[in-house]
Structures are given as structure tokens and as C-alpha cells.
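*Asks:* Got a structure for you, written out below as C-alpha cells; questions coming shortly.
Rule-based calculations on the coordinates, nothing more; no lab input. Here the structure is a predicted model, which is why all the values come from computation and not from measurement. Every residue, glycine among them, receives a Cβ derived from its backbone with ideal geometry; neighbour counts consider all protein chains shown.
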Amino acid sequence: MSASAEIRIIGLGNPLMGDDGLGPEAVRRLKEIPLLENVEVIDGGTGGLSLLHLMEGAKHVLFIDAVEMGAPPGTFRVFDDAQLRNLASQDSPAIHNCALPEVLALAQCLGDLCPVRLYGVQPQKVERGIGLSPPVEQALDRLIEEIQSDLMG
């Protein structure tokens, strides 16, 4: 992890569970394209409390994850800082087993929560297997474009 990276992009998920591999695949693709010097791209695995360490010292954190939203597969949505902070206490979209809302609440209690954003895609299949479903694959292309645009703007 680079101490000089002001912006951290953290992909979450398990590439052995179909569409849950969205985050790691996004990380792989983002590492292949030129990004600003102050941006670091990290595979956060399935998250948990290790996310606190990955977020430490960043000025902005962008998460990428498969998110159960009850929407058609491939639906892409960006959750802003305020929405993410409220996920733990609401009947909101379920983020897989990484407990991201709880980690963010803990970071806030510790006074270490920088602005965060979640780029989420509705999975079609989260089951044993490698590779993304076609709707999630298409959404990933849009997600990468959106992140590049957000970083530049």
C-alpha cells in the first residue's frame, strides 16, 4: 500500500463465486490503464476489518462490489458517502459478507472515515464458478468508464 496515494480504489469480492468476482476483476482492469499518480488500486478480497487498514491515510476511497439491490442483473448504481453511512441501519441493498456498512461505522467512530463511494452492480449469479455473467460484464465496462470520469472530474 502506498502512503502517498490520496485516492484508493478497493475492489471487493471472491473471484471463485461468479459475479461476486466483480471487484477483483475491476481491479485487474484498472491496473491495466493509466490512472493519476495519487490513485492506488487494491484487491480488498472479501473485506472485513482488514478494510480499516486499507482505508487508513486515504483522502477518498472508492469501493467496487457486487450489490444485491433486488434489481435486474447488471444494474449499476453509485452509492455516495451519505448513503453508505446509513446502510447499516436501513433495509438497504445487501453488500455481500464483507460487512462494509459496519466497517464504515467503526471507521467513523474511530474518527478515520474519509469520504467514500461504492460502485455497485446487481449480480446475476453468486455461486461457485469463475467468470462474470454477461450483464455484469457489460456493467463492468460502464463502471470502469464512470470511475475514470469521476477521477478526472
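*Asks:* Would you look at the GNM of the chain, springs on alpha carbons closer than 10 Å, and say which of D65, D43, D81 moves the most?
*Replies:* Sorting by GNM fluctuation, first place goes to D81.
*Asks:* Another question about this same structure. Only one of the listed values, (i) 54; (ii) 12; (iii) 18, was derived from the coordinates as percent of Cα pairs over 28 Å apart; which label is it?
*Replies:* (ii)
*Asks:* Scanning the chain for trypsin sites (Lys or Arg not before Pro) in DSSP loops with at most 11 other Cβ atoms within 10 Å, what's the longest stretch left with none?
*Replies:* Excluding the exposed sites themselves, the longest stretch runs over 60-127.
*Asks:* Kindly provide the GluC sites (Glu not before Pro) of region 1-63 that DSSP labels as loop, not H, G, I, E or B, and whose Cβ sees at most 11 other Cβ atoms within 10 Å.
*Replies:* Passing sites in region 1-63 are E32, E37.
*Asks:* In the chain, what % of DSSP beta bridges are antiparallel (nearest 5)?
*Replies:* Beta bridges within the chain, antiparallel portion: roughly 25 percent.
*Asks:* Among the GluC sites (Glu not before Pro) within region 116-149, which fall in a DSSP loop and have no more than 11 other Cβ atoms within 10 Å of their own Cβ?
*Replies:* E127
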